[in-house]
1. May I ask you to list the residues in the range 1-49 that are of a type in the set (Asp, Glu), open to solvent by 50 Å² or more (accessible area, probe 1.4 Å) and at pLDDT 95 or above?
2. Would you be able to say whether some residue in the range 87-105 is within 14 Å of ligand 2 (Cβ to nearest atom) and open to solvent by 10 Å² or more (accessible area, probe 1.4 Å)?
3. Yes or no: the range 279-288 includes at least one residue that is open to solvent by 30 Å² or more (accessible area, probe 1.4 Å) and in a strand (DSSP E or B).
4. Condition first: more than 14 Å from the chain's Cα centre (by Cα) and either under 19 Å from Glu7 (Cα atoms) or among the charged types (D, E, K, R) (or both). Now tell me which residues in the range 121-151 satisfy that.
5. When the residues of the range 173-196 are narrowed to those that are open to solvent by 60 Å² or more (accessible area, probe 1.4 Å) and more than 24 Å from Ile33 (Cα to Cα), which ends up nearest to the chain's Cα centre (by Cα)?
6. Out of the residues in the range 152-172 meeting the condition of being open to solvent by 60 Å² or more (accessible area, probe 1.4 Å) and more than 19 Å from Val43 (Cα to Cα), tell me which one is nearest to ligand 2 (Cβ to nearest atom).
7. What residue, among those in the range 197-228 that are open to solvent by less than 40 Å² (accessible area, probe 1.4 Å) and within 16 Å of ligand 1 (Cβ to nearest atom), is nearest to Gly40 (Cα to Cα)?
8. With within 17 Å of Ala305 (Cβ to Cβ) and either under 16 Å from the mean Cα position of the chain (by Cα) or surrounded by fewer than 19 Cβ atoms within 10 Å (Cβ to Cβ) (or both) as the only criterion, which of Ala114, Ala77 stands out?
Amino acid sequence: MLIFGIETSCDETACAIVKDGREVISNVVASQIKTHQAFGGVVPEVAAREHLSAINVVIEETFAQSGIKPQEIDAFASTAGPGLVGCLLVGLNAAKTMSLVYDKPYIPVNHLNAHVCANFIDTELKPPFTCLLVSGGHTQVINVSDYGESSIEASTIDDATGEVYDKVARLLGLPYPGGIQLDKLAQSGNGHAFKLPEARVGDDEFSFSGLKTAVLRLVQGFKGTEIPINDVCASFQETITSTLINKTVKIAKKNGSKTVVLAGGVAANSRLREKLFELEKPECGGFSVFAPKMKYCTDNAAMVASAAYFNPMKVENPLELEVFSRG
Ligand code: KG4
Ligand code: ZN
């Protein structure tokens, strides 16, 4: 089954063609990073207009790279939410239009499920598994019991992981998007240079606002003298990745899960991936471990097409579905 997927929930205009949910035939991403850099973050109205001017080009390029004709596609999918409403509308209407023109089904997809499904690409991963989902808008540990069956076991009560990365990066004066810049500096710093706090919250909660404030106080403490930025980044990264991994392992063990999976934009983080793959060692639990390839961690449409195959939104009349901002 060939599915054409579209992703426009935030600042990436992306299209992909994926066969049977796992084999990527073509994958095109047009990033708006340069446009938003001047503002230090994503401006929703600007992002929506950029999607509108990019979408047709990205669709054409995706078909051109695949050698597949639109008539050969079995279904058209798009992210319906959560995300920026004006942005989502562009992808959703493009997918619905193609579905009507070529007389094939339209399949709506939840963006979070799409991030999880990025792990099915080029792998033989099968449920059940425990998934740590860390993106710019969400932080969750999910128990995936079957392809369309899951329950949220833990989530953040304040900032999402990517959001904390971006905010800490901004207070350190790093350019948007800060997460990846912070990760780069952390790689040549000492993760144990500064002791930062881990929130004392329930097993089903994450909280990062205290950590964010602690980094702010630490930076202010240097009072104009040179900040050892690499060590600050590394210490922050060490603390937050420990919290994320420890809680995920605790939940996986509680649920008797043998497989641990990473998903979302922050799944591209070097230290988080390192710590995740340590879980394969017998002394660290001996889990079977999966993380998406780097290009399928941050927003892309291959994961949307995969989710349309493995975990489509269950709605009666998809063509009447509207976009949604939260979920
Ligand atoms: O999943 P995603 O592309 O968009 C959302 O659905 O939110 O995630 C974007 C987030 C941003 O906050 C970005 O800073 C973060 O993922 N991110 C990273 C890294 N690469 C992207 N955070 C930490 N380390 C990275 N290497
Ligand atoms: Zn995302």
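1. Hits for the range 1-49 are Asp20, Glu23.
2. no
3. The answer is yes, given that some residue of the range 279-288 is open to solvent by 30 Å² or more (accessible area, probe 1.4 Å) and in a strand (DSSP E or B).
4. Answer for the range 121-151, where residues must be more than 14 Å from the chain's Cα centre (by Cα) and either under 19 Å from Glu7 (Cα atoms) or among the charged types (D, E, K, R) (or both): Ile121, Asp122, Glu124, Lys126, Asp146, Glu149.
5. Taking the candidates together, the pick is Ser188.
6. Among those residues, the one meeting the criterion is Ile152.
7. Of everything passing the filter in the range 197-228, Val215 is nearest to Gly40 (Cα to Cα).
8. Ala114
The values are calculated or read from the model by the stated rules, or taken from the named source; none is laboratory data. This one's a predicted model, so the numbers in the text were calculated from it and none came from an experiment. All Cβ positions, glycine included, derive from the backbone under ideal geometry; neighbour counts span all protein chains shown. The accessibility values were calculated without ligands, DNA or RNA, using every heavy atom of the protein model including side chains. Shrake-Rupley method; radii C 1.70, N 1.55, O 1.52, S 1.80 Å.
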